[in-house]
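For reference, the structure is listed below as structure tokens.
The values are calculated or read from the model by the stated rules, or taken from the named source; none is laboratory data. Everything numeric here is computed off the predicted structure, so don't read it as measured data. Every residue, glycine among them, receives a Cβ derived from its backbone with ideal geometry; neighbour counts consider all protein chains shown.
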Amino acid sequence: MLYVILCFDKPGQAERRRQSEEDHRDYLATSADHVRLAGPLVDETNSNLIGSFVVYEGATLEEAEAFAAADPHRQARLLDTVVVKPWRCTTINMGGD
């Protein structure tokens, strides 16, 4: 099953995000057999990172939650809010900007 993991940074944590970014990317890469899609959330100006979006494939919600809990961004106490929800993909269109 697919799960969406939405992570929102605490305000004013740009430096903390930069410090944990490499570990975060490495963590996603080592889980490539489960991570189907991932990328940062940006603000309205498209110039500041404000969180993360991950589509995770796993057997249970608990597995997806454990994956989210072990993320280096979360371990660095960067995140204000983390939401993990089952997701059913019905449309993919990767065209556009």
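The one condition from (1) modelled with pLDDT of 95 or more; (2) assigned to a loop (DSSP other than H, G, I, E, B) that N46 does not meet is (1).
Residues in region 49-78 that are over 10 Å from the mean Cα position of the chain (by Cα), part of a loop (DSSP other than H, G, I, E, B) and not basic (K, R): G58, A59, T60, A70, A76, L78. Just name the residue that is farthest from the chain's Cα centre (by Cα) out of those in region 1-30 that are crowded, with 17+ Cβ neighbours inside 10 Å and not in a strand (DSSP E or B). Ranking the candidates gives Q13 first. Against the test of being of a type in the set (A, V, I, L, M, F, W, C), out of contact with any Pro (no Cβ under 7 Å at 6 or more places or on another chain) and over 25 Å from E62 (Cα atoms), the options A38, A14 yield a single qualifying residue, A14.
When region 18-65 is limited to residues that are in contact with a helix residue (DSSP H, G or I) (Cβ under 7 Å, 6 or more places away or on another chain) and touching a residue at least 40 places away in the same chain (Cβ under 8 Å), the one that is nearest to R77 (Cα to Cα) turns out to be S20. Checking each residue in region 31-48 for being more than 14 Å from the chain's Cα centre (by Cα) and loosely packed, with under 11 Cβ neighbours inside 10 Å picks out D33, D43, E44, T45, N46, S47.
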